[in-house]
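All remarks here apply to the structure that follows.
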Amino acid sequence: MSKKVLIVDDSAYLRLMIKKVLTQAGYEVVGEAPDGEKAVELYKQLKPDLVTMDVVMPKKNGLEALQEIFNIDPNACIVIVTALGHEPLIKRAIRLGAKNFVIKPFKPNELIKSVESALAS
């Protein structure tokens, strides 16, 4: 059975790109969220195996959403997908429990490697 993924990014274009890459690699995208608030809500409903999470988003940023998701499920598997220049935020996300990260713009194989590594850990 394929792993279920929730994609969280305020850019519809990036959500589409991530969805395309992960779907082609055999993952099942079960939901998409444009902000951290919706991400937490969907995580509770969908219980995905993996979340790809942008950091800088409206309503609730990725770090706030990450913390809330870990409060719901301490074993959540979250991969941060964010732009170059957000290194301090990435480091903080890893300290908070994110399993891995990918820098935008990314190559499809970088995303797949990061997701596979996170799921294996």
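Please treat every number below as a calculation from the coordinates, not as lab data. Everything numeric in this text was worked out from a predicted model, so none of it was measured. A quick note on method: Cβ atoms are made from the backbone with ideal geometry, for glycine too, and the neighbour counts reach across all protein chains shown.
Taking first residues from region 87-106 that are of a type in the set (A, V, I, L, M) and partners that are exposed (fewer than 15 other Cβ atoms within 10 Å of the Cβ) and in a strand (DSSP E or B), the Cβ contacts under 8 Å between residues at least 6 apart in sequence or on separate chains come to ILE103/ALA83.
When region 98-118 is examined, which residues are found to be within 13 Å of MET17 (Cβ to Cβ), among the aliphatic types (A, V, I, L, M) and surrounded by fewer than 20 Cβ atoms within 10 Å (Cβ to Cβ)?
Correct list: ILE112 only.
If the condition is being without any contact (Cβ under 8 Å) to a residue 60 or more places away in the chain and on the phi < 0 side of the Ramachandran plot, then region 76-86 contributes ALA76, CYS77, ILE78, VAL79, ILE80, THR82, ALA83, LEU84, HIS86. Residue count for region 53-77 satisfying the condition of being surrounded by 21 or more Cβ atoms within 10 Å (Cβ to Cβ) and within 13 Å of ASP9 (Cβ to Cβ): 6.
Residues in region 1-41 that are of a type in the set (Ser, Thr, Tyr) and surrounded by fewer than 16 Cβ atoms within 10 Å (Cβ to Cβ): SER2, SER11, TYR13, THR23.
Can you confirm whether ASP73 is on the phi < 0 side of the Ramachandran plot, touching an Asp or Glu at 6+ places or on another chain (Cβ under 7 Å) and not β-branched (Val, Ile, Thr)?
No; evaluated as a whole, the condition is false for this residue.
Among the residues of region 48-70, write down those that are hydrophobic (A, V, I, L, M, F, W, C) and without any contact (Cβ under 8 Å) to a residue 60 or more places away in the chain.
Going residue by residue through region 48-70, those that are hydrophobic (A, V, I, L, M, F, W, C) are 50-51, 53, 55-57, 63, 65-66, 69-70.
The answer is VAL51, MET53, VAL55, VAL56, MET57, LEU63, ALA65, LEU66, ILE69, PHE70.
Of all the numbered requirements in (1) touching an Asp or Glu at 6+ places or on another chain (Cβ under 7 Å); (2) among the hydrophobic types (A, V, I, L, M, F, W, C); (3) farther than 16 Å from ASP9 by Cα, VAL40 misses one, and that requirement is (3).
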